[in-house]
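S.K.: Let me begin by handing over the structure; questions about it come next.
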Amino acid sequence: MTVEVVKNYINGRWVESKSKKTQDVFNPATGEVIAKTPMSTAEEAEAAIAAAKAAFERWRRTPVFTRVRHLNRIRAAFEDNFEELSKILTMEQGKIIDEARGEYRRTIENIECATSIPSLQMGYNTEDIAAGIDEMVIKQPLGVFFCVAPFNFPGMVPTWFWPFAVGTGNTYIVKPSPQVPLSQVKQFEIIDELGLPKGVLNLVHGGSEVVNAMIESPDTVGMSFVGSTRVGKLLYQKCAEQGKRAQSQSGAKNFLTVMPDCNLESTVAALLTSFYGCTGQRCLAGGVILAVGDIHEPLKQALVEGAKRLKVGNGLEEGVQMGPLASKGGMEHVLKCIDEGLKEGADLIVDGRGIEVPEHPSGYFVGPCIFDKVTPEMYIAQEEIFGPVINIIQVKDLDEAIDIIHANRYGNASSVFTSSGKTAREYQYRVKAGNIGINIGVAAPIATFPFSGMKDSFFGDLHGQGQDAVDFFCESKVVISRWF
Ligand code: NAD
């Protein structure tokens, strides 16, 4: 079987990259190479920028309802291709097919939300701020934006941004992770059929060379980044140096606090999904459980039973509950973190290393793991593992739990499990994290809400999705007028 090098989509045409450098794309369940990603050149990024720039003036003058009609067509076409899109996602990323379907449900909701742009973007008028003088705000698009996306949600993440950018009259370039280009290729093949004007949406594959070209170009106005904290902070700084708008949604270590008065059965179900869903490769995945007081022992036992029951395998097979890690490198990182935990003295009470999936001996599988007797200063309690590992720290009360959360550098999400409204309210009030779950294991905001984040999990002010995204992609212009 010949393995194809995927193409860029620039100015409404599929074009081969001239770059000789490529990166293999693997099916993580089988270890097979299924495609190659070109590491495109700076010139190719510039060609996409030029196309988006040329399309901008006409696109911004296109009436908002016409722009939104394009979004509606894309939404409907994604719906028509729902199963195929989900399968491609599982094939390149590894998550189980139901998780891929869930990701596409959210992808479509993002586009659906952006079809409300006629209301979201409307300015407001105030008459007679002084005698006979009116004042209004108009929200105008700025030009060419781009996103730099991670490997873990290859279908959805770009739709936190481009539907809002394009809906408000900007033009756009998507730069996927080179590890998972195929979901975006399929999406653009669908979009290509739908008559969107050339240059409005472009796709460029590659790595730092194309990203740097997009940041440094005088013809781009802003970047949305999603990925690790190291890269997110670096690119945010580079954008700031260039005077560009930037938002960097970055890494995470999410603490889930379990109070003695929780409903144990539903808490355990939520925790298992939080830590093992998407094989732990979610920025909102559970990172550490803070078990308060006496709940520690029964909670631990129930988690061990749940973890041992999970069926691990190829995400395309029915009945499989957890897929492989998305890459060999990702798997090695998880194994290294487990070694580190053992070295630092944590107690590995469920060991998923060396799990066998007989039909797929070359897949990147690590089974569910649980560490008990973790302490806050350990590496496994501090840093992102991005794999199926539960880490349990026993604490005496809520104050100690919150102190541990606040000592950590990240602030993406945090949850509390309790039946006390007072405890829940105190938690949401005090905990410094962008997304708070109350009896929810994965606090993932829907498309109308900002995808929040604090501390080292986010650099910027306006977030992806909803009204925040509309404001990020628009400049507010104030007009004060008097007529004689
Ligand atoms: P990553 O930072 O390695 O890569 C993200 C993107 O940046 C990719 O497109 C990559 O090609 C590009 N990139 C990498 N190095 C670069 C450089 N030096 N210059 C320019 N571009 C560069 O992240 P990843 O491993 O793909 O994704 C996993 C991370 O993403 C995790 O830390 C996870 O928590 C985070 N994440 C965060 C959110 C959020 O909303 N906060 C959502 C999803 C994932």
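S.K.: For segment 288-308, state whether one or more residues are over 18 Å from residue 419 (Cβ atoms), within 26 Å of the chain's Cα centre (by Cα) and either part of a helix (DSSP H, G or I) or more than 16 Å from the ligand (Cβ to nearest atom) (or both).
M.R.: yes
S.K.: Follow-up. Which fully enclosed helices (runs of 4 or more DSSP H) of segment 1-120 have 2 or more residues being farther than 19 Å from residue 177 by Cα, of a type outside the set (A, V, I, L, M, F, W, C) and not assigned by TED's automatic domain parsing to the domain that holds residue 177?
M.R.: none
S.K.: Here's something else I'd like to know. Would segment 313-330 turn up any residue that is more than 30 Å from residue 86 (Cα to Cα) and acidic (Asp, Glu)?
M.R.: no
S.K.: Condition (residue is within 16 Å of the ligand (Cβ to nearest atom), in contact with a Pro (Cβ under 8 Å, 6 or more places away or on another chain), among the β-branched types (Val, Ile, Thr) and farther than 24 Å from residue 286 by Cα) applied to segment 163-180: is it met by at least one residue?
M.R.: Scanning segment 163-180 turns up at least one residue that is within 16 Å of the ligand (Cβ to nearest atom), in contact with a Pro (Cβ under 8 Å, 6 or more places away or on another chain), among the β-branched types (Val, Ile, Thr) and farther than 24 Å from residue 286 by Cα.
S.K.: Let me ask you something else. Evaluate segment 356-367: report whether one residue or more is among the aromatic types (Phe, Trp, Tyr), in contact with a Lys or Arg (Cβ under 7 Å, 6 or more places away or on another chain) and part of a loop (DSSP other than H, G, I, E, B).
M.R.: Yes: segment 356-367 contains one or more residues that are among the aromatic types (Phe, Trp, Tyr), in contact with a Lys or Arg (Cβ under 7 Å, 6 or more places away or on another chain) and part of a loop (DSSP other than H, G, I, E, B).
S.K.: Mind checking which residues of segment 218-236 are of a type in the set (D, E, K, R) and in contact (Cβ under 8 Å) with a residue 24 or more places away in the chain?
M.R.: Scanning segment 218-236 gives 219, 233.
S.K.: Could you please tell me which pairs satisfy a Cβ distance under 6 Å, a separation of 6+ or placement on different chains, a first residue in segment 354-370 that is farther than 27 Å from residue 391 by Cβ, and a second residue that is polar (S, T, N, Q) and part of a loop (DSSP other than H, G, I, E, B)?
M.R.: Taking only residues 6 or more apart or on different chains, the pairs are 360/30; 360/314.
S.K.: So in segment 143-175, with the set limited to residues that are polar (S, T, N, Q) and under 18 Å from the mean Cα position of the chain (by Cα), which one is surrounded by the fewest Cβ atoms within 10 Å (Cβ to Cβ)?
M.R.: Looking at residues that are polar (S, T, N, Q) and under 18 Å from the mean Cα position of the chain (by Cα), I get 152.
S.K.: Going residue by residue through segment 83-95, is there one that turns out to be at negative phi, surrounded by fewer than 18 Cβ atoms within 10 Å (Cβ to Cβ) and either of a type in the set (Lys, Arg) or touching a Cys at 6+ places or on another chain (Cβ under 6 Å) (or both)?
M.R.: yes
S.K.: Something else: I'd like to know if segment 196-208 contains one or more residues that are of a type in the set (Val, Ile, Thr), crowded, with 24+ Cβ neighbours inside 10 Å and not in a loop (DSSP other than H, G, I, E, B).
M.R.: Within segment 196-208, none of the residues are of a type in the set (Val, Ile, Thr), crowded, with 24+ Cβ neighbours inside 10 Å and not in a loop (DSSP other than H, G, I, E, B).
S.K.: How many of the residues making up segment 111-138 are touching a helix residue (DSSP H, G or I) at 6+ places or on another chain (Cβ under 7 Å) and either surrounded by fewer than 20 Cβ atoms within 10 Å (Cβ to Cβ) or among the hydroxyl-bearing types (Ser, Thr, Tyr) (or both)?
M.R.: Within segment 111-138, residues that are touching a helix residue (DSSP H, G or I) at 6+ places or on another chain (Cβ under 7 Å) and either surrounded by fewer than 20 Cβ atoms within 10 Å (Cβ to Cβ) or among the hydroxyl-bearing types (Ser, Thr, Tyr) (or both) number 3.
S.K.: Could you list all residues from segment 209-249 that are of a type in the set (S, T, N, Q), surrounded by 21 or more Cβ atoms within 10 Å (Cβ to Cβ) and either modelled with pLDDT under 95 or over 19 Å from the mean Cα position of the chain (by Cα) (or both)?
M.R.: 220
The values are calculated or read from the model by the stated rules, or taken from the named source; none is laboratory data. Keep in mind the model is a prediction, meaning the values are calculated, not measured. Neighbour counts run over all protein chains shown; Cβ positions are idealised from the backbone, glycine included.
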